[in-house]
């Protein structure tokens, strides 16, 4: 049995201790380490306080193989992670040429000159290896001492994530011998956690002991994570594939993808394959549907655009919804979303039109149509229909759940 | 000078270390403690592991006056916080009558009988005081030892929050004499961290020692947090106000709000105050601008809607951009965003029209217009203009930074 590789995560910053920001970094780092077989042993948050930083470094070094630090690397004087690290490793800050080139290039790409303050960021402890930051100005640092590794990264989440993925995780994987751990993510939409759990109970019960199952629910979707641990990569891969195949037999309609598949992307690929163009008419989703569609690179191949109709006058004047329809049935109705979907399809000249109209909340509900009542619409040359959703009280969650339901509606309509 | 009251927060649970859930409890607890003048000194997350729990309790006791623990109080065998606490305090678990009555009442209110597993939850270490849990079955525990206080609470957020508000915070306030701590957040947009820091260096240098300054940067915005500590609340408030006034004198154009102000909301309030309606024509922001505008409750008072024109044919057919303009200058150009802004303003009949068109990336750049080149446009009855932004390579960040730049453009245009 191989020994477990243990990690400590340290978050540095007064803003974490004061509670002014939620530390999402350490959760993300844990998940990524877990995927490559590293176990997080402790997480600690300390302030921008040199004594405290030195203390926690010493403590962490005693229990863990890898210490990952985020935060406290900004160019201003309240960021003291770097001087603390220099002191800890008994080294001095020197101008790092690679870091200087990197930060100079970063500013140049923005059409700006390097300020003195940002030039200071290229000074690193002389015993560390420089880690490039492609998304910001604070370089990362890689230290090694007595077989332990210490990595310091910026606290800005997208900078830290890029650095982890491009540099840190690959280097850690090289450095340690780890058991083979393979994950398979089965992406599911259109069914709740407890119903899903009932449907797949027998399958779950019959899983072999080297495969672990986790439910990862996330706003309208559920990911089933299958984790296989062992020595033979190829065998594990085959085992996982076999289990996914079994699952597909049990819940064929709810699985929309595997691993990195994203619902909007899966739908986009279906549209592309069928050479279909699409446009949207949004009321309660307020542009979020368009945003989700356009986050997919290449979406301009099939997505024409959207009309966000936040006033009824836009629904009638631009989308051609009949005033009488709104007066008779209301803006949140089957009739209205049908006319919106058909209207935008014709106006934009696309093959498919989709629409949303609902009471997203937190106010605006009536007895007949409470907050959370949402209609979504679909129109192509053969059919136009609406579908009702009954959601909850949270505005932002309702917007996002509506978009997921629309994607699933397109997926099921094209798939059938 | 009063001594600071220090607290340690300990989160117990394997699911935190694996990254399966984000720990939001410790952030919430920090904020509440901060309000009553208790400073959080460290936050630690450890697993469901008795050795580790005993270790962290010992460490925390040495540095802090108050130790708050969440998690590991469930009825199942992997929850071991209670036996660990009993061992730590050298005490034994006994049936606590108050706790038994409380949990019995809880089940009764749900129309259920007490199960044996839940009856076990009423066993508490004999040296602790019982804390009632109005929202669940796991009681809280209050320990005192050598002038230090240790509080154990359930990990379920709404149970913990109710317990803190109803029982724990009032008891802490009674127990300690605390200094007054006041925060003031100054919200800034349109300037980078290092430039800002240079501009306000003299002011920062002259701050009195009882005011601390922190930079909290966040995607296109920076919050300056001023923290004043002392004895007299009214005096501190005046001091903070004075410093904010000085700041306003130094960087008047960059400050968009104070404390909880949100840029989209500040802009919305300006529109409302001036009785102006607005519509948008979006290309590279792909609906996100509309989404941000519509997340503000009451935005339907001034926001009519958006046309997301992801194809040039939508720009010409729906928005009325001249085909010749696109052919001559390109879709990403000053001329095009001006025609888009003016087009949507006229089409929707609003007072103001705004627009975006850019190369959000990751691909699609040319030598002349590299990825990150974005034009934003503004039009009202008196003027129509465009503004160029040079952003980075990350598609999603570019979209969000473009929206912030548009809000700032509206703010500055209406403010002047």
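Every number here is computed from the coordinates shown, using simple stated rules; none is lab data. Model, not experiment: these values are computed from the prediction. Because the Cβ atoms are built from the backbone with ideal geometry, glycine has one as well, and the counts that use them run over all protein chains shown.
As a proxy for reagent exposure, B:251, B:131, B:69, A:36 were ordered by neighbouring Cβ count within 10 angstrom, fewest first; the result is A:36, B:251, B:131, B:69.
In whole angstrom, the protein assembly as shown maps to an equivalent ellipsoid with semi-axes of 45, 35, 29, each derived as √(5λ) from the alpha carbon gyration tensor and ordered largest first. As a length-normalised measure over Cα pairs under 8 Å and 6 or more apart, the relative contact order of the range B:180-258 settles at 46 percent. Normalised by the number of residues in chain B, the mean separation of alpha-carbon contacts (under 8 Å, six or more apart) gives a relative contact order of 10 percent. Each part reduced to its alpha carbon centroid, the range A:218-251 and the range B:51-72 end up 39 Å apart. Beyond 26 Å, the tail of the calculated P(r) for the range A:263-415 holds 18 percent of the Cα pairs. Taking the C-alpha atoms only, the angle from helix B:334-348 to the longest principal axis of chain B is near 80 degrees. When A:373, B:363, A:31 are arranged by Cβ crowding within 10 Å, least crowded first, meaning fewest neighbours, the order is B:363, A:31, A:373. Relative to the other identical copies, residue B:260 shows label-point distances of 4.0 nm, where the label point lies 7 Å from Cα along the Cβ direction and values run shortest first. Taking the radius of gyration and the Kirkwood hydrodynamic radius from Cα positions alone, what is the Rg/Rh ratio for chain B, to two decimal places? A ratio of 1.10. For the range A:23-126, the relative contact order is 22 percent, taking Cα pairs closer than 8 Å that sit 6 or more residues apart in sequence and dividing their mean separation by the residue count.
The long axis of helix A:233-250 is offset from the longest Cα principal axis of chain A by roughly 20 degrees. Counting every other Cβ atom within 10 Å of each residue's Cβ, A:128, B:403 order from fewest to most as A:128, B:403. Using the alpha-carbon atoms, what tilt in degrees (0 to 90, nearest 10) does helix A:263-273 show relative to the longest principal axis of chain A? Value to nearest ten degrees: 60. Across the copies of the chain, residue A:328 has label points (7 Å from Cα along Cα→Cβ) spaced 4.8 nm apart, shortest distance listed first. Approximating the spin labels as points 7 Å out from Cα along Cα→Cβ, the residue B:381-to-residue A:178 distance works out to 6.4 nm. Distances between copies of residue A:414, taken at a point 7 Å out from Cα along the Cα→Cβ vector and listed shortest first: 3.9 nm. Model label points for residue B:208 and residue B:117, set 7 angstrom from Cα along the Cα-to-Cβ axis, are 5.9 nm apart.
In the range B:257-321, the ratio of gyration radius to Kirkwood radius, Rg to Rh, stands at 1.05 when only Cα atoms are counted.
Placing pseudo-labels 7 Å out from each Cα toward the beta carbon at residue A:49 and residue B:269 gives an inter-label distance of 3.5 nm. Among B:70, B:104, B:402, determine the one that fluctuates most according to a GNM of chain B built with springs between C-alpha atoms less than 10 Å apart. Looking only at B:70, B:104, B:402, the biggest GNM fluctuation is shown by B:104.
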